[in-house]
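Read through the structure below, which is laid out as structure tokens, and then see the notes.
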Amino acid sequence: MQDKEILELFGNPSTREKAFKLIVDNYQERLYWHIRKIVLSHDDTDDVLQNTFVKVWKGLKDFRWDAGLYTWMYRIATNEALNHLNDKKRRRFGGGDDVEDILLQNLEADEYFDGDEIQMQLQRAIAKLPHKQRIVFNMKYFDDMKYSDMAEILETSVGALKASYHHAVKKIEETLRLSEV
Amino acid sequence: MDKFEDSNKRKVPFKMPEGYFNDLSSRVMDKIEEDEKPAKKSIVPMFKTFMWLAATFVLVFGVGRVIVPLVIDPSQKLQHESATQVVVNDNVSAEDFVDDIDELDLSDEDIIEYLSDQNIDNDFLISEL
């Protein structure tokens, strides 16, 4: 079923819940992995994903087709994930820890990490990047997403995204080079 | 980055608990229902407000009773401590209390002046003299 048809179902109170379950089923996995790459731990991802869908439920009544449904949900998920990290930073001893520290702790403590030492090194290097570069790097490197799609989700220009990705790669290379010394 | 260019290495190195997505939509719906329930009025915020007011009162009263007299007239500290010593000690017997009052060397006029400030019936005061 197409998104438009699902949204028509959602507009009818008697089929609203059924439509919403279809949306969750269609997008849960893609949104899960997008969030997981930002917050790194499964438990945090679970919290953020549920909050994302709660926001989607609340916002769908006013949804306009300025952006596709998927793009709109991706934006919500991205914001929720970043807010989650910032909240976590604030709650820890008055914000003493950096987001980078939180991410590294999430990475080390996550029982669902499923990679080798090289992949762990790469994840540590990605965790050191600023938010925007980290998200751009993940979308390009792991998801191989088109810059034009990324531009729509992140509401920025293709040129700025290319520059972000370039800077991210350089920083990761430098971090990895230093870790080998 | 060369060693990461291998397409296998581009796989996200995470997994998730088995069957995680099976009940996600139900859990989300539960959360939405919980979210849409009208919030119960908790007494905790009211209690917190009360505690803040009480703490503020104690602080203001403390500053007024202890610090301000010391700043204005340090000699009052001694008087304050003497009075407190006499009146506040729980273990004082009636005899000791009267002895302590005597030691303060109060004249009858002082006592009458004090009692007249306490809004006690004048006839009663005179009958007790």
For residue A:128, which of the numbered conditions (1) under 17 Å from residue A:40 (Cβ atoms); (2) surrounded by fewer than 14 Cβ atoms within 10 Å (Cβ to Cβ); (3) of a type in the set (D, E, K, R) fails to hold? (2)
Which residues, taken from the stretch A:123-152, are more than 14 Å from chain B (Cβ to nearest Cβ), of a type in the set (D, E, K, R) and part of a helix (DSSP H, G or I)? A:132, A:149, A:152
Residue match in the stretch A:61-79 (condition: over 17 Å from the mean Cα position of the chain (by Cα), basic (Lys, Arg) and either modelled with pLDDT under 95 or at positive phi (or both)): yes
In the stretch A:153-177, anything of a type in the set (A, V, I, L, M), more than 15 Å from residue A:130 (Cα to Cα) and within 14 Å of chain B (Cβ to nearest Cβ) is listed as A:176
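The values are calculated or read from the model by the stated rules, or taken from the named source; none is laboratory data. Since we're looking at a predicted model, the values are computed, not measured. Every residue, glycine as well, gets a Cβ built from its backbone with ideal geometry; the counts of neighbours run over all protein chains shown.
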